[in-house]
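The values are calculated or read from the model by the stated rules, or taken from the named source; none is laboratory data. Model, not experiment: these values are computed from the prediction. With ideal geometry, Cβ positions are generated from the backbone for all residues, glycine too; neighbour counts draw on all protein chains shown. Ligands, DNA and RNA are excluded from the accessible area calculation, which covers all protein heavy atoms including side chains. Shrake-Rupley method; radii C 1.70, N 1.55, O 1.52, S 1.80 Å.
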Amino acid sequence: MSVNRSVVVYGINNFRVEKRERPEPGFGEVLVKIEYSGLCPSDIKIIRHGGRLVRYPIVLGHEMAGIVEEVGEGVKGIEVGERANVAADIYCGTCKYCRAGRENLCERPLTFGYNIDGGHADYLLVPREGVPKAIFKVPDGLSLEVASMTEPVACVVHSMNAGKVSPGDSVAIVGEGPMGLLHVLLAKIYGASSIAVLGLVDKKLKLAEELGAEKLYNRKNYPNIEDILRENPDGFDKVFLTVVNKTTLEESLKLVKKGGRVVIFAGVPAHSVSFSLDPNIIHYDEVSLVGSSSYLYVEYAKALKFVSMYQRELSKIISHRFNIDEFEKAVATWDDKENSVKIILTR
């Protein structure tokens with residue numbers, strides 16, 4: 001049999017790399033040979049906390065790019081040998097949210113690495129529900145490694161749209177991890193005139209500066225939010241939370257200008273926390289507090305164009321590469337917040 005190395009999660013903190021049989025595409029299905037997949041914070045969350053969509057046992061991974069290996073009967077417009085990026089989500093297209101153009105809120109999504117086997121494997125089977133809509137052709141000149149980052153970029157495109165970022169906006173980004181850094185790059189693309197990043201690691205803050213941030217705040221040196229406000233007395237038009245907890249939420253409402261928007265980009269483990277906030281800030285200052293989750297397919301297509309245009313900048317975010325056999329080492333490296341940024345699994 002053709003070996004299909006797969007990262008399989010059986011439950012909380014119960015995962016391993018297994019050798020499985022290569023899937024065979026049926027009618028309307030496509031088999032992609034994965035070349036690169038990205039380790040996402042959501043993968044770590046699934047391993048350590050589970051998730052509402054997760055169905056164990058599951059092959060992990062939802063950021064991936066590779067080459068079409070085989071197509072099933074009835075597939076049109078997709079050829080063997082084409083380079084492909086596969087979106088993480090297959091939206092049903094028929095629920096009330098999909099019909100309203102908000103497919104990211106789909107009631108019946110199939111999501112790789114959550115409720116269907118994902119891309120931390122040698123081969124990915126795309127079910128017919130996702131063919132061809134979840135398969136995006138990788139443009140010539142774009143490396144498959146960087147193409148594997150399209151899904152997180154698409155999520156940040158959606159975040160920019162949720163925040164209604166416009167040319168000239170002042171933007172604050174809380175968190176300097178890979179998603180925070182992608183927010184820096186996208187805010188710059190969207191025309192923000194001033195970008196501030198709040199984080200904890202100088203090395204990552206320096207990378208944020210290379211991507212377009214003008215103001216860097218290491219919270220070890222700025223422990224009180226008032227210290228940052230003194231340097232930014234007018235506040236910020238848009239504030240993005242890529243790290244969400246009681247403190248960052250409360251501080252975001254101090255950082256944002258009157259009439260501004262705060263975007264909660266990151267999720268937290270279910271039932272792990274509860275927050276309280278002062279509704280008068282939202283009422284009297286007319287501050288909008290909104291969420292951002294996943295992406296629309298039109299945003300995904302836009303993200304792929306951005307990934308192709310800004311390949312050099314995105315490459316800077318990659319800090320480590322591990323073969324899929326070294327998955328446990330990749331997870332341990334992810335915990336090294338001083339040094340890890342974006343981790344890519346190779347084949």
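Need one number: nm distance between label points at Glu24 and Phe275, each 7 Å from Cα along Cα→Cβ, rounded to one decimal.
5.0
Per residue, how big is the convex hull of the chain when only Cα atoms are used? Give it in Å³.
132
As a test of the formula, what do you get for the chain when each DSSP H run with n ≥ 4 contributes -39,500 (n - 2.57) and the sum is divided by the residue count, at 222 nm and rounded to the nearest 500 deg cm²/dmol?
So the helix-based figure for the chain works out to -8500 deg cm²/dmol.
Once fully extended, how much extra length lies between Ser194 and Asn339, figured as 0.36 nm per residue of separation less the alpha-carbon to alpha-carbon distance?
Between Ser194 and Asn339, full extension yields an extra 49.6 nm.
What's the angle, to the nearest 10 degrees (0 to 90), between helix 246-255's Cα axis and the longest principal axis of the chain?
Approximately 60 degrees, to the nearest ten.
State, to one decimal in nm, how far the label point of Asn221 lies from the label point of Leu53, with both points 7 Å from Cα in the Cβ direction.
With each label point 7 Å from Cα toward Cβ, the separation is 4.0 nm.
With the other protein chains left in place, how much accessible area per residue, in square angstrom, belongs to the chain at a 1.4 angstrom probe?
Computed with neighbouring chains in place, this is 44 Å² per residue.
Helix 297-309 versus the longest principal axis of the chain: what angle, 0 to 90°, nearest 10, using Cα atoms?
For 297-309 against the chain, the angle is about 80 degrees.
To the nearest Å, what is the center-to-center distance of the stretch 1-78 and the stretch 318-347, using C-alpha atoms only?
What the calculation gives is 18 Å, centre to centre.
Relative contact order (percent) for the chain, with alpha-carbon contacts under 8 angstrom and 6 or more residues of separation?
Contact order relative to length: 17 percent.
I need the shape label for the stretch 273-337. Rule: rounded when a/c is under 1.5, else prolate if a/b > b/c, else oblate, with a, b, c from the alpha carbon gyration tensor.
Here the stretch 273-337 falls in the oblate category.
Place the peptides 148-157, 62-71, 124-133 in order of packing, highest mean first, counting for every residue the other Cβ atoms within 10 Å and averaging per peptide.
For the peptides 148-157, 62-71, 124-133, the packing ranking is 148-157, 62-71, 124-133.
Take each of the peptides 21-29, 312-320, average the number of other beta-carbon atoms within 10 Å over its residues, and list them starting from the highest.
Answer by packing, highest mean first, reads 312-320, 21-29.
Let me know the charge dipole size of the chain about its Cα centre in debye, to the nearest 20, where only the beta-carbon of Lys, Arg (+1) and Asp, Glu (-1) is charged.
My answer is approximately 320 debye.
What number do you get for the stretch 68-159 when its Cα radius of gyration is normalised by 2.2 N^0.38 Å, N = residues?
1.12
Between Lys329 and Leu229, what length comes free when the chain is fully extended (0.36 nm per residue of separation minus the Cα-Cα distance, one decimal in nm)?
32.0 nm
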